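First the structure, in the form of structure tokens, and then the observations on it.
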Amino acid sequence: MTQPNPETSEIPFEENPSSGLSGIECIRHYVTQLDDSPGVYRMLGAKGEVLYVGKARHLNNRVRSYLNPASMGQRIERMVHKTTSMMFLSTKTEAEALLLEQNLIKQLKPVYNVLLRDDKSFPTIFLSHHPYPQIRKHRGRKEKKGTHYGPFASTRAVNNTINQLQKIFLIRDCSDATFNNRTRPCLQYQIKRCSAPCVGYINSDEYARTVANVRSFLSGKTSRIQKQLADQMDYSARHLEFEKAAALRDRIQALTQIQSVQGVNPQSVKEADVVGLYREGSFACVQVFFFRANQNWGNKSFFPKTGEGALEDEILQAFIGQFYNNNAPPREVILSHEIEDPDLIAPILSEKLGRKVKLTIPRRGEKAMLVENAVRNAKEVLLRQLSEMANQKRLLTKLAQSFNLPNTPKKIEVYDNSHIQGAYQYGTMIAVGMEGYLKSSYRKFKIKNSELSPGDDYGMMREVFTRRFKKLMEETPSEGENDWPDLVIIDGGKGQLQAVRQTLEQIGVGEINLVSVAKGANRQQDIETIHFTDAPKMQLDKNDPVLFFIQRMRDEAHRFAIGTHRSARSKAMKTSSLERIPGVGAKRRRALLSHFGSPKAVASAALDDLKAVEGISGQLAEVIYDHFR
């Protein structure tokens with residue numbers, strides 16, 4: 001959503017009560033200081049950590065309600081008990097307070113707030129504004145020089161749709177720079193995915209009609225397009241143009257295929273998101289189905305943190321606020337449950353979209369069936385995840401027993417290194433918890449110490465652990481807090497383990513459970529040896545489920561390390577050779593690429609051609625020419 005206007009937000013007033021106050025007494029201290037203005041409040045714990053961020057129409061009334069926490073449920077009661085201070089920020093309107101609340105929740109991630117963990121934007125199909133428009137996938141902030149269609153639930157859905165659209169309409173997907181510098185058709189033309197407008201194989205009027213059909217299709221007018229293609233195929237067949245008729249037949253088949261994979265296409269829902277919520281205790285799943293142009297463009301599951309057990313209305317309102325902070329809302333949002341402030345949310349979504357957005361909770365009809373389907377999907381997905389979590393907890397408990405750990409680990413960090421003969425050196429860390437792999441906690445460390453010998457695993461481990469735990473000590477000084485691991489697993493032998501233990505001692509990290517896992521002779525995976533810092537090494541039975549669990553974690557760490565290394569190596573290989581030419585900055589690189597289309601074309605260009613580029617002097621043209629020779 002849009003940011004609140006800073007000019008309308010007042011400076012926070014005095015927050016610190018007299019020492020020793022906590023819980024209800026702490027809140028009572030503040031009630032006397034507050035007026036009836038709207039605003040945002042923060043409840044803080046003993047270490048200054050933010051427990052909860054809330055907004056209020058009247059700060060005094062809202063904070064006063066916490067004086068009777070038992071009436072608000074166990075979750076609020078626990079939160080009030082932990083509160084030792086509060087912070088306040090008054091605003092001019094309640095809408096500004098809501099926007100500020102969502103921004104603070106995203107920034108601070110309080111324990112007792114509902115948090116949307118997957119807040120990435122969704123991909124769209126982009127048609128550029130150009131005499132010969134380009135079609136491509138787009139993610140992120142919308143570009144103004146074109147039209148966006150979407151969102152789609154996944155990148156795969158966008159790629160498949162674009163792939164089929166190219167088969168049907170033969171529309172280009174190359175960049176404008178490539179388009180402007182083509183002298184002959186590319187492979188897309190050869191495989192019948194493009195009509196080659198770059199070299200004039202199709203005129204502008206015919207290409208414009210093709211683009212109009214693409215827009216019609218993405219707007220839901222598929223039956224008219226299918227009839228047009230069928231009429232053209234019949235006409236070609238009657239005039240004995242069998243090759244053209246066969247090509248049109250293939251395009252009709254591609255159109256039929258793309259219609260069939262879009263699932264249920266409702267008649268009464270042209271543009272809407274259907275949001276279904278299912279809650280089981282302190283866990284929740286939200287299913288969002290995207291309907292655009294009367295077509296189902298996919299669905300996605302979300303698992304918001306429920307702030308230790310929030311109810312449906314609070315979960316759904318928090319989800320909508322955070323979800324549409326990164327994604328453009330449709331004209332209608334169809335909900336499975338009531339939310340706390342629909343009259344406040346709808347105008348904010350309308351402002352973001354630039355036209356009216358309607359929030360509805362249908363009770364009957366087709367929309368109600370769509371909501372029921374979304375809730376049923378949310379329930380099935382959540383129950384599957386809870387089952388997986390139960391299995392994960394059993395594995396973590398067995399691992400704790402096998403390693404003689406005092407408690408079942410809630411978070412495990414697994415470390416690995418990757419390099420090729422000392423080049424592109426990276427250390428990586430993955431995290432595993434009760435919910436499985438914690439992808440948002442994965443970390444990669446580009447090795448910065450230039451004095452390390454190539455392939456020095458011990459030195460790489462020392463640098464990785466120094467950087468990781470120094471930062472951890474700065475952000476969460478006390479061990480046992482959420483970000484600290486209960487167990488650290490190192491891919492390596494006793495030497496790596498000792499190097500890590502010494503490093504942690506040097507930077508002042510106290511007792512932490514460390515183990516290393518070394519493969520057997522010839523890197524056999526069924527006879528791994530597990531090394532401990534203060535206990536004899538051990539080997540698990542080759543059929544022990546704990547061994548399989550360790551292997552899966554180690555393999556995931558290895559996959560992430562290899563992927564990080566390959567990505568860095570590939571990026572370095574793809575880095576434009578123009579960047580290494582002295583005197584050629586970003587502006588001149590753009591001029592060269594715009595003129596020639598690619599670094600390879602620049603490298604093979606004649607000296608006179610280089611001199612013809614705007615911004616490239618004769619002297620610099622000679623430098624560029626000599627650089628590639």
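The table that follows gives values for the structure above.
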read-out	value
Residues in segment 86-119 reached by a label modelled at residue 475 [backbone nitrogen below 19 Å; 7 Å Cα→Cβ]	104-113, 115-119
Nearest-0.05 FRET efficiency for residue 137 and residue 241, computed from C-beta distance (R0 30 Å)	0.30
Relative contact order of the chain, defined on C-alpha pairs under 8 angstrom at six or more residues apart (%)	9
Probe 1.4 Å, accessible area per residue of the chain, Å²	52
Accessible area of the chain belonging to carbon and sulfur atoms, whole % at 1.4 Å probe	48
Gain in span if fully extended, residue 402 to residue 78, counting 0.36 nm per residue against the direct Cα distance	113.2 nm
Calculated diffusion of the chain, Stokes-Einstein form, Kirkwood radius summed over Cα pairs, 4 °C and 1.567 mPa s, µm²/s	44
For segment 309-378: rounded, prolate or oblate by the Cα gyration tensor [a/c cutoff 1.5]	oblate
Estimated D of segment 47-168 in µm² per second, where Rh is the Kirkwood radius over Cα pairs and Stokes-Einstein applies at 37 °C, 0.692 mPa s	178
Radius 12 Å from Cβ of residue 309, net charge of other residues (Lys, Arg +1; Asp, Glu -1)	-1
Prolate/oblate/rounded label for segment 585-629 (Cα gyration tensor, a/c 1.5)	rounded
Residue 300 versus residue 534: modelled label distance in nm, points set 7 Å from Cα along the beta carbon direction	4.6
Taking all pairs of distinct alpha-carbon atoms in segment 160-239, Kirkwood radius in angstrom	13.7
Per-residue [θ]222 nm for the chain (sum of -39500 (n - 2.57) over DSSP H runs n ≥ 4, rounded to 500)	-14000 deg cm²/dmol
Gain upon complete extension [residue 160, residue 36; 0.36 nm per residue less C-alpha separation]	39.2 nm
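The values are calculated or read from the model by the stated rules, or taken from the named source; none is laboratory data. Fair warning: this is a prediction, and the values are worked out from it, not measured in the lab. Reconstructed Cβ throughout: ideal geometry from the backbone, glycine too, with neighbour counts over all protein chains shown. For the accessible areas, the whole protein counts, side chains as well, though only heavy atoms, and no ligand, DNA or RNA atoms are used. Shrake-Rupley method; radii C 1.70, N 1.55, O 1.52, S 1.80 Å.
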